[in-house]
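The values are calculated or read from the model by the stated rules, or taken from the named source; none is laboratory data. Because the structure is predicted, anything quoted here is derived from the model rather than measured. Please note: Cβ atoms are built from the backbone with ideal geometry, for glycine as well, and neighbour counts cover all protein chains shown.
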Amino acid sequence: MDLRDTPEEAAFRAELRTWIETNLSDEIRRGRFEEAGRDWSRKLHEAGYAGLTWPKEYGGAGAPYSHQAIFLEEMARAEAPPHLGVIGLGMAGPTIIAHGTDAQKQKHLEKILSTEEIWCQGFSEPDAGSDLSAVRTTARSENGHFVVDGQKVWSSFAHIADWCILVTRSDPGSERHAGLTYMLVDMHAPGVEVRPLRQITGEAEFNEIFFTGVEVPTENVVGEVGGGWQVAMTTLLHERGTLGFALTAGLESQIRKLIALARKRGATPVQRDAIAREWIGLQAVRYTNYRSLTTLMKTGIPGPEGSGAKLWWSEANQRVTKLALELLGPEAQIVEDGGYWQHQQLRSRGNTIEAGTSEILRNIIAERVLGLPRSR
Amino acid sequence: MEFAFTPEQEELRRQARSFLDANPDAPLAELRELGWLGVSVPEERGGGGLSFVDETILFEEAGRALYSGPFLTTAVVLPALSEVDEQAWSVELDGLVPHLNQVDRVLREDMTAVPAEGETLATVDETRPLGRIEQVADSNYLEGSGSFEAVRLRLLAGLAAEAVGVAQKALELGVAYVSEREQFGKKIGAYQAVSHPLADTYVETELARSLAYWAAWCVAEEDERTPVAVAAAKSFCAETAVAACERSIQVHGGIGFTWEHVLHRYYKRAQWIDAFGGHAAKQREVVAAALLD
């Protein structure tokens, strides 16, 4: 057990910090999401920080997961904008590497790394939220291609995406996990329509996607026709892989801001206790991520202890943002200087819903980690 | 960064668990024979030459087994002595001495050692009595190494590890029971109102474990963050253990509320751990001061 960076990790961290200081300008940090994001994403790629854990043969850095964890920590610490290719780099790319054909790898991987292609995820539907197996979007096989009809929802980046990883029902008589097909869909194809969804914060991060008679070539199927469930599970596994680090790093920067606010405004004994509680929880989840990461690096599979990271983070972020409003006092409902905490507090309500609701996560822990009888 | 135990440490845990499962009330002398006393003391002073992280594994297993003897208090004093001795030790904190009637000598906050003489008080956790030293006949300053603060931090870090063992056992008892017990024609663990609190206990216990090991590592490395890490671990682990027992009692229903079921003993130990050396909120004052003042 050694909780310090190894000399090699420390060198990577130091080099990364210097690179961020040189390259992360205030223009990028404060710029508009899309243009600034493209600029920043390109810089990251040129410096070799995109696809850190991807194998070298596919253009990645072939680096250990610890580098990815350090990368996410340092990016959050510097308050760098998100990489526009998060879905491509973290979900679509690894799925294509695991299940894709050579032609799919040739066509997409390099462009995912360079952010030339921005990707979105077409999994959830109005009637298939937590229950992904209830997918109804159909893919009808016809003269060497599929015709896709249906609706997807809660799709981040869809309004700027070039490609979509889509789960469809290709066997019309099938139910639940059988008869699903996973495909790569060109978002610029005729019949694809994207409508932004305005959230309780007033902004639109998510979208609805409507597919009307969209032709998808058969060679865009990933894995077997009808074997889409297994492929989708690979995508979700990658979504959860080092997600804990990104979330924890974000929470760390949030708590740093909370402490600064408390120092400026003053805090009652009850608020001091609450702040200490959140800081302790942050250390707990950070070190739990490290335990899970050590298991991941030794066995290739993250340890089960990490399964609570998203659950804990989401509820902690809700408490922290509310605590900040309390520190602001009666003025908390006045939006000033961009209304950072007011926005963050409203946004945090989505945290316990997106990427697996807290109820689903508790089910997963109860059934798969604790081995309790299934609830359904 | 490597946050895992070595194969040797895992083996130590296996041995400790199998011994304590069979002998939860073994006399301290038997633990000494197993080499469990002075584990983190250098070999030239008669110790095991291992680290406080190794010792923490034993504390955690002792918590899991509800070990009744003065093992923790003796183990945290030994590194302060010039040489490991064969006495049973306790420590006085806030005027209270655990196991006063079961030990030979007591270390006080001024680093004097006194004979274990005084009044023993009834405690909720009957296996961990508290006493008060009444009159001191002969005391001597410890001619050893380190400060009382170092002893106190080892003790609180050790309590945090015990709490993790308590929480883990309470969780396992709850999981086993709801996997067997049937009502309305179903195993009750299938009901989410029953399973979700246990999922919360799992998450909190893993978080507590990380803090307890972090604090132990800080103690072992004499890291500058040790006082904050120990306060963080003591507060979170104790609260986790108490909540783990409460949820486990709840999912057991009536049987969990009886004297004959083992759970109340875990519950009482958890509350003892939380109280001794200062409750969770008291520990958080240390953290808040470090963050805000």
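Within the range A:12-19, identify whether any single residue is of a type in the set (Lys, Arg) and either surrounded by 20 or more Cβ atoms within 10 Å (Cβ to Cβ) or closer than 19 Å to A:Leu293 by Cα (or both), and answer yes or no.
Taking every residue of the range A:12-19 in turn, at least one turns out to be of a type in the set (Lys, Arg) and either surrounded by 20 or more Cβ atoms within 10 Å (Cβ to Cβ) or closer than 19 Å to A:Leu293 by Cα (or both).
Return the residue satisfying two criteria in turn: it lies in the range A:258-273 and is more than 15 Å from A:Ala332 (Cβ to Cβ) and under 30 Å from the mean Cα position of the chain (by Cα), and of such residues it is surrounded by the fewest Cβ atoms within 10 Å (Cβ to Cβ).
Looking at the filtered set, the residue picked out is A:Ala260.
Could you check how many residues of the range A:272-307 are charged (D, E, K, R) and more than 9 Å from chain B (Cβ to nearest Cβ)?
1
How many residues, within the range A:30-67, are more than 22 Å from A:Ser156 (Cα to Cα) and among the polar types (S, T, N, Q)?
The total comes to 2.
Listed here are the residues, each with its yes/no results for (1) surrounded by fewer than 24 Cβ atoms within 10 Å (Cβ to Cβ); (2) at pLDDT below 95; (3) among the aromatic types (Phe, Trp, Tyr).
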{"residue": "B:Ala241", "(1), (2), (3)": "no, no, no"}
{"residue": "B:Gly253", "(1), (2), (3)": "yes, no, no"}
{"residue": "B:Gly256", "(1), (2), (3)": "yes, no, no"}
{"residue": "B:Tyr266", "(1), (2), (3)": "no, no, yes"}
{"residue": "B:His279", "(1), (2), (3)": "yes, no, no"}
{"residue": "B:Leu291", "(1), (2), (3)": "yes, no, no"}
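Would you say A:Val335 is in the same structural domain as A:Gly250 (by TED's automatic domain parsing) and within 21 Å of B:Leu207 (Cβ to Cβ)?
Criteria not met by A:Val335.
Working only within the range B:72-99, note down all residues that are more than 17 Å from B:Ala160 (Cβ to Cβ), β-branched (Val, Ile, Thr) and surrounded by 22 or more Cβ atoms within 10 Å (Cβ to Cβ). Don't jump to the end; show me each part of the working.
Start the filter on the range B:72-99 by keeping residues that are more than 17 Å from B:Ala160 (Cβ to Cβ), which leaves B:74, B:77-90, B:92, B:94-97, B:99.
Filter once more, keeping what is β-branched (Val, Ile, Thr): B:74, B:77, B:84, B:97.
B:Thr74, B:Val77, B:Val97 - these are the residues of the range B:72-99 that are more than 17 Å from B:Ala160 (Cβ to Cβ), β-branched (Val, Ile, Thr) and surrounded by 22 or more Cβ atoms within 10 Å (Cβ to Cβ).
Scan (1) over 28 Å from A:Gly226 (Cα atoms); (2) of a type in the set (A, V, I, L, M, F, W, C); (3) in contact with a His (Cβ under 9 Å, 6 or more places away or on another chain); (4) crowded, with 23+ Cβ neighbours inside 10 Å for the single condition A:Trp119 breaks and write down its number.
Evaluating A:Trp119 over (1) over 28 Å from A:Gly226 (Cα atoms); (2) of a type in the set (A, V, I, L, M, F, W, C); (3) in contact with a His (Cβ under 9 Å, 6 or more places away or on another chain); (4) crowded, with 23+ Cβ neighbours inside 10 Å leaves (1) as the failure.
Is the range A:310-327 home to any residue that is of a type in the set (Asp, Glu) and more than 11 Å from every other protein chain (Cβ to nearest Cβ)?
Yes, that holds for at least one residue.
Go through the residues of the range A:104-116 one by one and say whether even a single one is buried (at least 20 other Cβ atoms within 10 Å of the Cβ) and without any contact (Cβ under 8 Å) to a residue 60 or more places away in the chain.
Yes, some residue in the range A:104-116 is buried (at least 20 other Cβ atoms within 10 Å of the Cβ) and without any contact (Cβ under 8 Å) to a residue 60 or more places away in the chain.
So which residues in the range A:328-343 are surrounded by fewer than 20 Cβ atoms within 10 Å (Cβ to Cβ) and either touching a residue at least 60 places away in the same chain (Cβ under 8 Å) or part of a helix (DSSP H, G or I) (or both)? Break it down into steps so the answer makes sense when it comes.
From the range A:328-343, those surrounded by fewer than 20 Cβ atoms within 10 Å (Cβ to Cβ) are A:328-340, A:342-343; that's our starting set.
Correct list: A:Leu328, A:Gly329, A:Pro330, A:Glu331, A:Ala332, A:Gln333, A:Tyr340, A:Gln342, A:His343.
Looking at the range B:208-234, which of the residues that are of a type in the set (Ser, Thr, Tyr) and out of contact with any Lys or Arg (no Cβ under 7 Å at 6 or more places or on another chain) is surrounded by the most Cβ atoms within 10 Å (Cβ to Cβ)?
Top of the filtered list is B:Tyr213.
Any residue that is at negative phi, within 11 Å of another protein chain (Cβ to nearest Cβ) and within 20 Å of the chain's Cα centre (by Cα) - is there at least one of those in the range B:148-170?
Within the range B:148-170 (the criterion being at negative phi, within 11 Å of another protein chain (Cβ to nearest Cβ) and within 20 Å of the chain's Cα centre (by Cα)), the answer is no, since none of the residues qualifies.
Before we move on, is A:Thr295 outside the structural domain of A:Leu184 (by TED's automatic domain parsing), farther than 30 Å from A:Asp149 by Cβ and surrounded by fewer than 20 Cβ atoms within 10 Å (Cβ to Cβ)?
In short, yes.
Of everything in the range A:83-103, what is of a type in the set (Val, Ile, Thr) and surrounded by fewer than 22 Cβ atoms within 10 Å (Cβ to Cβ)? Give them in sequence order.
A:Val86, A:Ile97, A:Thr101
What are the pairs with Cβ atoms under 6 angstrom where one residue, in the range A:312-323, is assigned by TED's automatic domain parsing to the domain that holds A:Thr352 and the other, located anywhere, is among the hydroxyl-bearing types (Ser, Thr, Tyr) and outside any helix (DSSP H, G or I)? Sequence gap at least six, or different chains.
As it stands, the answer is A:Ser314/A:Thr352, since those pairs meet every condition given.
Would you tally the residues in the range B:183-232 being small (Gly, Ala, Ser), more than 30 Å from B:Arg152 (Cβ to Cβ) and at the interface with chain A (Cβ under 9 Å from one of its Cβ atoms)? Show your work before the answer.
Residues of the range B:183-232 that are small (Gly, Ala, Ser), as a first pass: B:185, B:189-190, B:193, B:195, B:199, B:208, B:210, B:212, B:215-216, B:220, B:229, B:231-232.
Keeping just the survivors that are more than 30 Å from B:Arg152 (Cβ to Cβ) gives B:185, B:189-190, B:193, B:195, B:199.
From what's left, at the interface with chain A (Cβ under 9 Å from one of its Cβ atoms): B:189-190, B:195, B:199.
Of the residues in that region, 4 qualify.
Looking only at residues that are in a helix (DSSP H, G or I) and of a type outside the set (A, V, I, L, M) in the range A:348-376, which one is farthest from the other protein chains (Cβ to nearest Cβ)?
Among those that are in a helix (DSSP H, G or I) and of a type outside the set (A, V, I, L, M), it is A:Ser348.
Quick check on A:Glu73: is it at pLDDT below 90 and either touching a strand residue (DSSP E or B) at 6+ places or on another chain (Cβ under 6 Å) or farther than 28 Å from A:Thr181 by Cα (or both)? Steps first, please.
Details: at pLDDT below 90: no; either touching a strand residue (DSSP E or B) at 6+ places or on another chain (Cβ under 6 Å) or farther than 28 Å from A:Thr181 by Cα (or both): yes.
Spelling it out, it is not the case that A:Glu73 is at pLDDT below 90 and either touching a strand residue (DSSP E or B) at 6+ places or on another chain (Cβ under 6 Å) or farther than 28 Å from A:Thr181 by Cα (or both).
Condition check ((1) under 25 Å from B:Ala241 (Cα atoms); (2) modelled with pLDDT under 95; (3) in contact with a helix residue (DSSP H, G or I) (Cβ under 9 Å, 6 or more places away or on another chain)) across all residues:
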{"site": "B:Ile57", "(1), (2), (3)": "yes, no, yes"}
{"site": "B:Gly63", "(1), (2), (3)": "yes, no, yes"}
{"site": "B:Tyr67", "(1), (2), (3)": "yes, no, yes"}
{"site": "B:Thr74", "(1), (2), (3)": "yes, no, yes"}
{"site": "B:Glu83", "(1), (2), (3)": "no, yes, yes"}
{"site": "B:Ser90", "(1), (2), (3)": "yes, no, yes"}
{"site": "B:Gly95", "(1), (2), (3)": "yes, no, no"}
{"site": "B:Pro98", "(1), (2), (3)": "yes, no, yes"}
{"site": "B:Glu109", "(1), (2), (3)": "no, yes, yes"}
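Of these, B:Ala29, B:Ala4, B:Ala16, which one is part of a helix (DSSP H, G or I), among the small types (Gly, Ala, Ser) and surrounded by fewer than 20 Cβ atoms within 10 Å (Cβ to Cβ)? Write out each step before concluding.
Values: B:Ala4 fails: part of a helix (DSSP H, G or I); B:Ala16 fails: surrounded by fewer than 20 Cβ atoms within 10 Å (Cβ to Cβ).
Matching residue, one of B:Ala29, B:Ala4, B:Ala16: B:Ala29.
Of the residues B:Arg209, B:Arg269, B:Arg225, which is in contact with a Cys (Cβ under 9 Å, 6 or more places away or on another chain) and either among the aromatic types (Phe, Trp, Tyr) or under 21 Å from A:Leu311 (Cβ atoms) (or both)?
Only one candidate qualifies: B:Arg209.
What number of residues within the range A:115-145 satisfy the criterion of being part of a loop (DSSP other than H, G, I, E, B) and over 18 Å from the mean Cα position of the chain (by Cα)?
Of all residues in the range A:115-145, those part of a loop (DSSP other than H, G, I, E, B) come to A:115-118, A:123-124, A:126-127, A:129-131, A:135-137, A:143-144.
Now drop any that are not over 18 Å from the mean Cα position of the chain (by Cα), which leaves A:116, A:126-127, A:131, A:135-137, A:143-144.
Selection size over the range A:115-145: 9.
Do any helices (runs of 4 or more DSSP H) entirely within the range A:1-79 hold 2 or more residues that are in contact (Cβ under 8 Å) with a residue 40 or more places away in the chain, of a type in the set (Ser, Thr, Tyr) and within 14 Å of chain B (Cβ to nearest Cβ), and if so, which? Steps first, please.
On the way: elements: A:7-23, A:26-30, A:33-46, A:65-77.
Hits in the range A:1-79: A:65-77.
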